[in-house]
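Structure first, commentary second.
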Amino acid sequence: MSNLDTCGIEVSAKELVLRLRRQGELEPLQNFANTSEGRERLLRHLQRTGRRVRVCLEASGLYGLDLALALSAPAGLEVMVANPRAVRHFATALMQRSKNDQIDAGVLEEFAARLPFQPWTRPAPAALALHALARRLTELVEMQTAEKNRQHAAQLSPAIPAAIRRDLARSLRAQQRAIERLTREARKLIAPSPDLAERFALLDSVPGIAETSAVQLLAELAVLAPDLEARQWVAYAGLDPREYTSGTSVHKKVRISKAGNKHLRRALYMPALVAVQHDPYLRAFYQRLLERGKLKLQALVAVMRKLLHAFHGMFKTHQPYNGAKLFQLKPTPAQEVPLATLAS
């Protein structure tokens, strides 16, 4: 390890904060603009001595993705994109109670130096393009939902002028055309790729997943490393349960960590909501949780986790959706076999 330096980079929308340890000695913090020019300057700074550098940053959306792509190309740099939840727990273990960009960069450098290295896998170009398209699709769908709410409010209020109602209708038509146009572009990216096309068809076999949801889910999952397990997908989505207990007196409610990809959680929400209405297996699973005292939202989150496990199994086995593998239905009275029959 003597020829290996370690580096942590805290990524924000406008700035990259770098903490670098060369030959065991910490260098002063460096700040770079989060632009193409800033990333080029950061690369030159890391490569100036010709030594190998192990770099750690958090999975923080598109800003982190752009930096990981820039860092993964040059020789001599090793890149690890850490789960924010793991980094947070590591900071707690270091007794680090304060939080700012400078401190976070130092925590990431310690993370790179002390913990097992997990190299980041650079996604295929088609997966990266699909990822960007799907993020824009998500933005448009959210804008459309907000505009529909405004339209509904305008229709109920006689004080709203007709010109505003017409403007809202025009805006909604434009947003719908944009959604349809980007969806077609996404399908054009998916079709030539055997892997993406197969995964899209598998997602489409799940009850409750329409075209837009399939594109959004595929885009978020396509950029993940191919060797991740289902439980790692769940942690990446921030859907893993977080328990907080201490001794016999402190027992807080178990909640999901939310320390993960919020876009993947959002993409799972509507399919889960539709599945508990139309898929008999997930509906039965959902009802079972309600009977056990779970809140509706808690039960729905559990369905989202079930769906992620289903997607992982489908992609691994190349088999379409089969709800029976997720939850066994109770036999109806007509299906139950009399005990005398079983005894004979």
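The values are calculated or read from the model by the stated rules, or taken from the named source; none is laboratory data. Remember, predicted model here, so these are calculated numbers, not experimental data. Quick reminder, even Gly has a Cβ in these numbers, built from the backbone with ideal geometry, and neighbours come from all protein chains shown.
So here's what we get for this one:
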| quantity | calculated |
| --- | --- |
| Wholly within segment 4-109, strands (runs of 3 or more DSSP E) carrying at least 3 residues that are buried (at least 18 other Cβ atoms within 10 Å of the Cβ) | 4-11, 15-22, 52-58, 77-82 |
| Options PRO192, PRO158; residue that is without any contact (Cβ under 8 Å) to a residue 12 or more places away in the chain, part of a loop (DSSP other than H, G, I, E, B) and not acidic (Asp, Glu) | PRO158 |
| Matching option when the condition is of a type outside the set (S, T, N, Q), over 26 Å from ALA126 (Cα atoms) and either part of a helix (DSSP H, G or I) or more than 23 Å from the chain's Cα centre (by Cα) (or both), among ARG173, ARG199, ARG187 | ARG173 |
| Selection from segment 67-89 of residues that are within 15 Å of GLU109 (Cα to Cα) and within 21 Å of the chain's Cα centre (by Cα) | VAL79, MET80, VAL81, ALA82, ASN83, PRO84, ALA86, VAL87, ARG88, HIS89 |
| Residue in segment 113-135 that is over 24 Å from LEU268 (Cα atoms), crowded, with 17+ Cβ neighbours inside 10 Å and of a type in the set (D, E, K, R) present | no |
| Residues that are assigned to a helix (DSSP H, G or I) and among the charged types (D, E, K, R), drawn from segment 287-317 | ARG288, GLU291, LYS296, ARG305, LYS306, LYS316 |
| Residue match in segment 169-179 (condition: among the hydroxyl-bearing types (Ser, Thr, Tyr) and out of contact with any helix residue (DSSP H, G or I) (no Cβ under 8 Å at 6 or more places or on another chain)) | no |
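Conditions tested, residue by residue: (1) more than 17 Å from the chain's Cα centre (by Cα); (2) polar (S, T, N, Q); (3) modelled with pLDDT of 90 or more; (4) loosely packed, with under 12 Cβ neighbours inside 10 Å.
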position	(1), (2), (3), (4)
ALA222	no, no, yes, no
LEU239	no, no, no, no
TYR244	yes, no, no, yes
THR248	yes, yes, no, yes
LYS252	yes, no, no, yes
ALA267	no, no, yes, no
ASP279	yes, no, yes, no
PHE285	yes, no, yes, no
ALA302	no, no, yes, no
